[in-house]
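What follows is one structure encoded as C-alpha cells, with my remarks underneath.
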Amino acid sequence: MRSRRAVWTVALLLSLAIAAASARYLTFDPTTYFAQQRDVYVDRQTVLGLHIGGAIVALVLMPLQLAKSLRRRLPRVHRALGVLYVVGVLVGGLAGLALATTAHGGVVAGLGFTGLALAWLATTAAAVQAIARGDIPGHRRWMIRSASLTFAAVTLRLYLGVASATGLPFDPSYVTIAWLCWVPNLLLALHATRRGPAAPRHAAALVSASPRP
Ligand code: HEM
C-alpha cells in the first residue's frame, strides 16, 4: 500500500513539474520555445497553444482522477474533473495530431507522435463509451490506458534528459523517443489491465496507485 502511494505521489509530482514547465509556452514568447522548432512554432502559435493548453489540463487532472480516495469521497468532483480531462485530451490530442505533421525528426518522429495522438484519443473515447453504458470496470481499464499515454509527456522529457546527460546525439534520440515515450507505457497499461484470473492483482499493483482514504 505504501509503495502504491509512493508511485502515485511520484507520478503526481512529475506530472505537475512537466505541466508547469510546459506552461511557459502559453506566454507565446518564442525565446521559451524548443530551439530546433522555434520557427515552426512561431508559424503555428494557435495550434501550439491549443495543444499545450489542452494537454496541461489532462496532465494535471490525470493523477487526481486515478486517486481512489477522491473517486470514493467526492464522486461528483470525479465526474466533473473527468469531463474536463476528456475535453483536455480532445483539444490537446487533435492539436497534437496537427503538430505531428511538422515535428522535429521528420516522418518517423511525426508518425510516432501521430500514433500517440490517435491512441490517446481512442483510449479516452473508449473510456467515455464504457461509462456511458454503465460499465465501470471497462471505464477503469480504458482510463488507465489513456492515463499511461498522458504520462508520455513525462516519459518523453525524462528520456530526453537521459539522452542529453549520456551525450547521445540529439536528432536520432528525439526520433527514437517519439516512439519510446508511449509504446512501453501503453504495453504496461495493457498488461496491467488485461482480463483473466491474474488481472486484478497485477492491475492493482501497477496502476491503482492512489492514496488511501
Ligand atoms: C499524449 C499526447 C500528446 C501528443 C500526441 C503530443 C504531440 C506533440 C507534438 C507532435 C509536438 C511537436 C513536437 C515537435 O515539434 O517536434 C508536441 C510538442 C509539445 N508538447 Fe505535446 N503531445 C502530447 C502530450 C503532451 C502533454 C500531456 C504535454 C504537457 C502538458 C505536452 C506538452 C508539449 C510541449 C511543451 C511541446 C513543445 C515542445 C517541447 O518543448 O517539448 N504534450 N507535442
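The values are calculated or read from the model by the stated rules, or taken from the named source; none is laboratory data. Given the structure is predicted, the values throughout are model-derived calculations rather than measurements. All Cβ positions, glycine included, derive from the backbone under ideal geometry; neighbour counts span all protein chains shown.
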Inset, instruction - Could you give me the residue pairs with C-beta distances under 7 Å whose first residue belongs to the range 8-20 and is within 9 Å of residue 60 (Cα to Cα), whose second residue is outside any helix (DSSP H, G or I) and within 13 Å of the ligand (Cβ to nearest atom) wherever it lies, and which are 6+ apart or on separate chains? - result: none
Inset, instruction - Output the residue which, of all residues in the range 150-166 that are free of Cβ contacts under 8 Å to residues at least 40 places away in the same chain and closer than 19 Å to residue 118 by Cα, is nearest to the ligand (Cβ to nearest atom). - result: 152
Legend entry - Tally of residues being surrounded by fewer than 20 Cβ atoms within 10 Å (Cβ to Cβ) and under 10 Å from residue 108 (Cα atoms) across the range 175-189: 2
Inset, instruction - Return a yes/no flag: does the range 133-145 have any residue that is within 14 Å of the ligand (Cβ to nearest atom) and on the phi > 0 side of the Ramachandran plot. - result: no
Inset, instruction - Would you be able to say whether some residue in the range 190-201 is at pLDDT 95 or above, surrounded by fewer than 17 Cβ atoms within 10 Å (Cβ to Cβ) and out of contact with any Leu (no Cβ under 6 Å at 6 or more places or on another chain)? - result: yes
Inset, instruction - Would you check if residue 167 is of a type outside the set (Asp, Glu), exposed (fewer than 14 other Cβ atoms within 10 Å of the Cβ) and not in a helix (DSSP H, G or I)? - result: yes
Inset, instruction - May I ask you to list the residues in the range 170-187 that are under 26 Å from residue 64 (Cβ atoms) and part of a helix (DSSP H, G or I)? - result: 183, 184, 185, 186, 187
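Table: residues versus (1) in contact with a Cys (Cβ under 8 Å, 6 or more places away or on another chain); (2) in contact (Cβ under 8 Å) with a residue 24 or more places away in the chain; (3) surrounded by fewer than 18 Cβ atoms within 10 Å (Cβ to Cβ).
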residue	(1), (2), (3)
25	no, yes, no
30	no, no, yes
36	no, yes, yes
52	no, yes, no
56	no, yes, no
65	no, yes, no
69	no, yes, yes
Inset, instruction - All but one of (1) near the ligand (Cβ under 10 Å from one of its atoms); (2) free of Cβ contacts under 8 Å to residues at least 60 places away in the same chain hold for residue 103, so report the exception by its number. - result: (2)
Inset, instruction - Go through (1) near the ligand (Cβ under 8 Å from one of its atoms); (2) under 13 Å from the mean Cα position of the chain (by Cα); (3) among the β-branched types (Val, Ile, Thr) one by one and return the number of the condition residue 40 breaks. - result: (2)
Legend entry - Boolean, residue 11 is within 8 Å of the ligand (Cβ to nearest atom) and either within 12 Å of the chain's Cα centre (by Cα) or buried (at least 18 other Cβ atoms within 10 Å of the Cβ) (or both): no
Legend entry - Search result, residues across the range 106-115 that are more than 18 Å from residue 146 (Cβ to Cβ), hydrophobic (A, V, I, L, M, F, W, C) and within 8 Å of the ligand (Cβ to nearest atom): 109
Legend entry - Residues being outside any helix (DSSP H, G or I) and either surrounded by 18 or more Cβ atoms within 10 Å (Cβ to Cβ) or of a type in the set (S, T, N, Q) (or both) - total across the range 87-106: 2
Legend entry - Out of 84, 61, 16, sole residue that is in contact with a helix residue (DSSP H, G or I) (Cβ under 9 Å, 6 or more places away or on another chain), under 16 Å from residue 143 (Cα atoms) and surrounded by fewer than 18 Cβ atoms within 10 Å (Cβ to Cβ): 84
